[in-house]
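S.K.: Attaching a single structure in structure tokens format; questions to follow.
The values are calculated or read from the model by the stated rules, or taken from the named source; none is laboratory data. As the structure is a prediction and not an experimental result, all values here were calculated from the model. So basically every Cβ, Gly included, is an ideal-geometry build from the backbone, and we count neighbours across all protein chains shown. To get the accessible areas, we keep the full protein, side chains included, count just its heavy atoms, and leave off ligands, DNA and RNA. Shrake-Rupley method; radii C 1.70, N 1.55, O 1.52, S 1.80 Å.
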Amino acid sequence: MTQDELKQLVGQAAADYVNGNVPEGSIIGVGTGSTANCFIDAIAKTRACYRGAVSSSLATTVRLESHGFKVFDLNDIETLLIYVDGADEINVCGAMIKGGGGALTREKIVASVADMFVCIADASKRVEVMGTFPLPVEVLPMARTAIGRKLTALGGVPIVRVNKDGAPFITDNGNEIIDVKGLSITDPRALEAQINAWPGVVTVGLFAARGANLCLLGTEKGVERIEYAQHA
Ligand code: 5RP
């Protein structure tokens, strides 16, 4: 199977999971990226069963609305049973690197509110030690260079994300992203807390303090279901 076919497989598996476990009339938290898009397209078939969705990016909002979903402001939501999203890497504990699509801050906010985080990923995303995928860090533009120096001191190689035209990539929140290559992340929780504490960092794309509860992993043999014990 191609990577795209595996993404479609887990997108459908997540829709089946939501349809089987989330009460009708609920609001669903929805992530960002090509795998999350597969989930949106699959859950659209049962859209009428849900009140609507909370979105993690402007791109996801557009896609949800194109399928007729009502998109709620997170401020108007009291509880969120489930959040479904992809990942760039996921380890054996359910900690993830996210932010390849640049939506890490809103993803982390919505995930923090949800009772359950369901990660959907193709098998290439499962790793023993995270860090092969460059770690995204969203920063306020004025802190870009100062944060870059700190990331270098950690042993990483910070690269400011740019668009095809060479201009800095700007997030939905008006900030920039530094992608950090060359890290071997053996203690994701500690590194998440350390980088988050630096002035100017908006969000680090490590999702370890609030990792996944469940991963639906697309493999050649079908969808593997992996549950994790999360201790927030
Ligand atoms: C976006 C994300 C995505 O979930 C992550 O980049 C995976 O994307 P894809 O499903 O396209 O491989 O964190 O900010």
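S.K.: Please compute the modelled spin-label separation between Glu65 and Arg51, points set 7 Å along Cα→Cβ, answer in nm with one decimal.
M.R.: Going by the 7 Å Cα→Cβ label model, 2.0 nm.
S.K.: In Å², and per residue, what accessible area does segment 3-43 have when probed at 1.4 Å with the other protein chains present? If you can, show how the numbers build up before the last one.
M.R.: Numbers: 1490 Å² over 41 residues.
On a per-residue basis, segment 3-43 sits at 36 Å².
S.K.: Still on this model: Please give the contour-minus-distance gain from Asp16 to Thr132: 0.36 nm per residue of separation, less the Cα-Cα distance, rounded to one decimal in nm. Walk me through the numbers before you get to the answer.
M.R.: Values: separation 116, 0.36 × 116 = 41.76 nm, distance 3.12 nm.
Going from the current span to full extension adds 38.6 nm.
S.K.: For a label point 7 Å from the Cα of Thr219 along Cα→C-beta, name the residues of segment 109-139 whose backbone N is under 12 Å from it.
M.R.: Flagged as within label range: 123-124, 126.
S.K.: Using a 10 angstrom Cβ neighbour count of at most 15 plus a DSSP loop assignment to flag exposed GluC sites (Glu not before Pro), which longest range of the chain is free of such sites?
M.R.: On the way: sites that count: Glu24, Glu78, Glu128, Glu220.
By the stated rule (loop sites, at most 15 other Cβ atoms within 10 Å), 129-219.
S.K.: In segment 135-205, carbon and sulfur make up what percent of the accessible area (probe 1.4 Å)? Show your work: numbers first, answer last.
M.R.: Numbers: 2100 of 3600 Å².
Solvent-exposed carbon and sulfur of segment 135-205 make up 58 percent of the total.
S.K.: Oh, and also: Could you work out how much longer the chain between Val92 and Trp198 gets when fully extended? Use 0.36 nm per residue separation minus the Cα distance between them, nm to one decimal. Please list the in-between numbers first.
M.R.: On the way: separation 106, 0.36 × 106 = 38.16 nm, distance 2.74 nm.
Result for the pair: 35.4 nm of gain on full extension.
S.K.: Taking 0.36 nm per intervening residue step and subtracting the Cα-Cα distance, what contour gain separates Asp4 from Arg149 on full extension? Intermediate values should be presented prior to the final figure.
M.R.: Working: separation 145, 0.36 × 145 = 52.20 nm, distance 3.69 nm.
Result: 48.5 nm gained on full extension.
S.K.: If you don't mind, another one. Scan the chain and hand back the longest stretch that contains none of the trypsin sites (Lys or Arg not before Pro) lying in DSSP loops with at most 11 other Cβ atoms within 10 Å.
M.R.: Numbers: sites that count: Lys164, Lys221.
After excluding every exposed loop site, the longest remaining stretch is 1-163.
S.K.: Find which of Cys215, Leu191, Ala167 sits farthest along the positive direction of the dipole of segment 167-221, computed with +1 on the beta-carbon of Lys and Arg, -1 on that of Asp and Glu, about the Cα centre.
M.R.: Cys215
S.K.: How much area per residue is accessible in segment 135-205 when the probe is 1.4 Å and only protein heavy atoms are counted (Å²)? Spell out each step's value before the answer.
M.R.: Details: 3600 Å² over 71 residues.
Roughly 51 Å² per residue, with all protein chains present.
S.K.: Let me ask another. So, counting K/R as plus one and D/E as minus one, what does the shell of residues with Cβ under 15 Å around Gly174 add up to? Walk me through the intermediate numbers first.
M.R.: Values: positive: Arg106, Arg144, Arg161; negative: Glu138, Asp172, Glu176.
It works out to a net charge of 0.
S.K.: Rounded, prolate or oblate: which one fits the chain, using the alpha carbon gyration tensor with axes a ≥ b ≥ c (rounded when a/c is under 1.5, else prolate when a/b beats b/c, else oblate)? Can you show the working numbers first?
M.R.: Details: a/c = 1.74, a/b = 1.45, b/c = 1.21.
Since a/c reaches 1.5 and a/b is larger than b/c, the shape of the chain is classed as prolate.
S.K.: Further, regarding this structure: Separation between the Thr79 and Ala229 pseudo-spin-labels, each 7 Å from Cα along Cα→Cβ, expressed in nm?
M.R.: Going by the 7 Å Cα→Cβ label model, 2.5 nm.
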